[in-house]
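Here's the structure we're looking at; comments come further down.
The values are calculated or read from the model by the stated rules, or taken from the named source; none is laboratory data. None of the values given here were measured: they were computed from a predicted structure. Methodologically, a virtual Cβ is constructed for each residue, glycine included, from the backbone with ideal geometry; neighbour enumeration extends over all protein chains shown.
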């Protein structure tokens, strides 16, 4: 599953000053709602928090992947947030998080949810991908680079 197909340049936010995990989850829910990707921010927020309460989505290496399957979602969508400063996200490796890849998927598309999570995980294991996210200063350039990286992976 190619992430760039579920991520738009308008959904890439660089150097966002969020101070903690709760602010990140609020930002994600509010952004999905503001962009018409979900109908109610509060219901998505509650779903994301419920998922975090089960087990942190801080996967290590500075990456958080808050995600939810939600009746609020119209289409599967991804947000990418590069934080201005790393925050505690209760990550598995206990290191702070500076990259957020948030995902929301409609309830009837749980298989796609797993495919997108697998695609994100595969990308996050690539040093080139992580360095590109941490260094690129323009959302459109970042989206184009993610597309290029994913297309290159398809041929390996």
**OP:** Confirm whether residue 142 is in a helix (DSSP H, G or I) and in contact with a strand residue (DSSP E or B) (Cβ under 6 Å, 6 or more places away or on another chain).
**Re:** yes
**OP:** Taking the residues in segment 71-96 that are part of a strand (DSSP E or B) and free of Cβ contacts under 8 Å to residues at least 60 places away in the same chain as candidates, determine which candidate is nearest to residue 3 (Cα to Cα).
**Re:** 73
**OP:** Quick one: count up the residues across segment 117-139 that are touching a residue at least 24 places away in the same chain (Cβ under 8 Å), loosely packed, with under 12 Cβ neighbours inside 10 Å and farther than 18 Å from residue 59 by Cβ.
**Re:** 1
Subject >> Number of positions in segment 98-124 that are part of a helix (DSSP H, G or I) and farther than 15 Å from residue 146 by Cα >> reply: 11
**OP:** Would you please name the residue that is nearest to the chain's Cα centre (by Cα), looking only at residues in segment 125-139 that are assigned to a helix (DSSP H, G or I) and under 14 Å from residue 4 (Cβ atoms)?
**Re:** 133
Original post:
Which condition does residue 86 not pass, out of (1) more than 18 Å from residue 146 (Cβ to Cβ); (2) buried (at least 20 other Cβ atoms within 10 Å of the Cβ), if it passes all the others?
Top reply: (2)
**OP:** Considering only segment 1-51, state which residues are part of a helix (DSSP H, G or I), surrounded by fewer than 18 Cβ atoms within 10 Å (Cβ to Cβ) and at pLDDT below 90.
**Re:** 5
